[in-house]
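Note sheet for the following structure.
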Amino acid sequence: MTIATRFAAALHEQTARGPGGTELLPVRLARAAAATLGVDAAGLSVVDAAGARIPLGSSSTDAACAERLQFTVGAGPCWEAQRTRQPVFAVQADLRRRWAPFADLLASQTPFRAVVAFPLREDLAGAGALDLYFTADAAVPALDVFAAVAVGELVTAALTEAAVWSDWPAERGPDWLHGPEARRRAAVLRAAGRAAMALETDPATALTLLRGTAWSGGRTVEDVAEDLETGVLRIEDLAAGPVQGPAA
């Protein structure tokens with residue numbers, strides 16, 4: 001059975017099982033990717049034209065958490081793959097050496113101990129990446145890299161096809177850019193914008209403050225943004241912390 005046939009069968013199964021809806025296509029694709037490649041979990045994300053990192057969908061709640069933790073720290077394997085357009089292989093020792101804050105959060109809040117990230121071909125939304133998560137270092141050498149690259153191409157093709165065969169406003173983008181994880185990330189960017197206005201600074205600096213507050217409390221930036229939205233946390237309470245990487 002070819003890789004394409006295996007992936008198509010896995011995607012068909014995920015489509016039949018749900019969740020449904022065009023905005024959840026990335027979730028189904030991530031689950032199909034994980035099943036096809038035999039990895040513990042997978043996630044899809046994209047960096048848009050404005051440089052903002054948008055999570056599209058994950059195969060599990062743990063994978064979604066891992067993406068949020070990487071965004072909270074501001075650096076990690078997926079960021080590196082999207083920046084360099086090269087695959088990144090990181091077992092636990094590599095994670096601790098290159099991205100210690102992310103490695104600590106990943107180990108404490110998820111079962112994952114290794115990450116492999118592949119850049120995806122740029123499509124209508126921007127530069128994407130496929131993150132593969134492993135609960136044990138020993139599973140990484142067993143990954144079929146050729147199959148992973150092929151699955152990445154199949155994922156990109158599925159997203160592009162869904163966009164081409166649907167109607168959507170140019171300023172909004174296709175439905176799969178607006179799933180639950182993407183909406184939570186959009187709320188973070190709105191919170192950073194409001195904080196920037198209140199503190200008379202730029203959104204990048206405000207986002208760094210959100211990240212620092214999240215880091216100091218062992219939480220994600222999404223959690224902090226929700227607290228700002230509900231009034232549990234005041235903008236004046238934001239504090240800098242040991243975060244890394246780009247601003248968005």
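The values are calculated or read from the model by the stated rules, or taken from the named source; none is laboratory data. Quantities reported herein were computed from a predicted structural model and do not represent experimental measurements. Glycine gets a Cβ as well: all are built from the backbone with ideal geometry, and neighbour counts include every protein chain shown.
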Check segment 113-121 and report whether any residue there is without any contact (Cβ under 8 Å) to a residue 40 or more places away in the chain, of a type in the set (Gly, Ala, Ser) and surrounded by 15 or more Cβ atoms within 10 Å (Cβ to Cβ). yes
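Using the structure shown, decide if GLY21 is over 25 Å from ALA142 (Cα atoms), over 16 Å from the mean Cα position of the chain (by Cα) and not polar (S, T, N, Q).
yes
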Failed condition for GLU222, given (1) more than 19 Å from TRP79 (Cβ to Cβ); (2) in a helix (DSSP H, G or I); (3) not assigned by TED's automatic domain parsing to the domain that holds ALA33, with all others met? (1)
Go through the residues of segment 198-217 one by one and say whether even a single one is outside any helix (DSSP H, G or I), outside the structural domain of LEU105 (by TED's automatic domain parsing), on the phi > 0 side of the Ramachandran plot and in contact (Cβ under 8 Å) with a residue 40 or more places away in the chain. no
Which listed residue, of ARG97, ARG121, ARG68, is basic (Lys, Arg) and under 26 Å from ALA192 (Cα atoms): ARG68
Among the listed residues LEU132, LEU95, identify the single one that is surrounded by 20 or more Cβ atoms within 10 Å (Cβ to Cβ), farther than 24 Å from ALA186 by Cβ and without any contact (Cβ under 8 Å) to a residue 24 or more places away in the chain. LEU95
Being assigned to a helix (DSSP H, G or I) and of a type in the set (Gly, Ala, Ser) is the filter here; which residues of segment 107-152 pass it? ALA107, SER108, ALA138, ALA139, ALA147, ALA148, ALA150, GLY152
Output yes when any residue across segment 39-47 is surrounded by fewer than 22 Cβ atoms within 10 Å (Cβ to Cβ) and without any contact (Cβ under 8 Å) to a residue 12 or more places away in the chain, and no when none is. no
